[in-house]
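The values are calculated or read from the model by the stated rules, or taken from the named source; none is laboratory data. On a predicted model such as this, the values are computed, not experimentally measured, just so you know. Quick reminder, even Gly has a Cβ in these numbers, built from the backbone with ideal geometry, and neighbours come from all protein chains shown. Accessible surface is based on the protein model in full, side chains and every heavy atom, while ligands, DNA and RNA are left aside. Shrake-Rupley method; radii C 1.70, N 1.55, O 1.52, S 1.80 Å.
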Amino acid sequence: MDHVMSLPFKYKSVIHLFYYEDYSVKEIAGILQINESAVKMRLQRGRKLLRMDLEGEDD
């Protein structure tokens, strides 16, 4: 959770809503008033940032 909270807000918000609050992409788009494609892209980029952060921790 600490890694998620360290992300920039636009990635942190969609990851939190999707994984912790169980909202769908469509629901998140409505909540944040952005396109569904923007939600998907933010999820993808947020996952990538998390992966890079967690892989860097192993070093």
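Against the list (1) open to solvent by less than 90 Å² (accessible area, probe 1.4 Å); (2) not in a helix (DSSP H, G or I), the condition Leu54 fails is (2). Counting only residues that are at negative phi and either of a type in the set (Asp, Glu) or touching a Cys at 6+ places or on another chain (Cβ under 7 Å) (or both), the stretch 1-57 holds 7 of them. One residue stands out among those in the stretch 38-51 that are in contact (Cβ under 8 Å) with a residue 24 or more places away in the chain and aliphatic (A, V, I, L, M): the one that is surrounded by the most Cβ atoms within 10 Å (Cβ to Cβ), which is Val39.
The residues listed here are Ile28, Ile34; of these, the one that is touching a Phe, Trp or Tyr at 6+ places or on another chain (Cβ under 7 Å) and either open to solvent by less than 100 Å² (accessible area, probe 1.4 Å) or without any contact (Cβ under 8 Å) to a residue 60 or more places away in the chain (or both) is Ile28.
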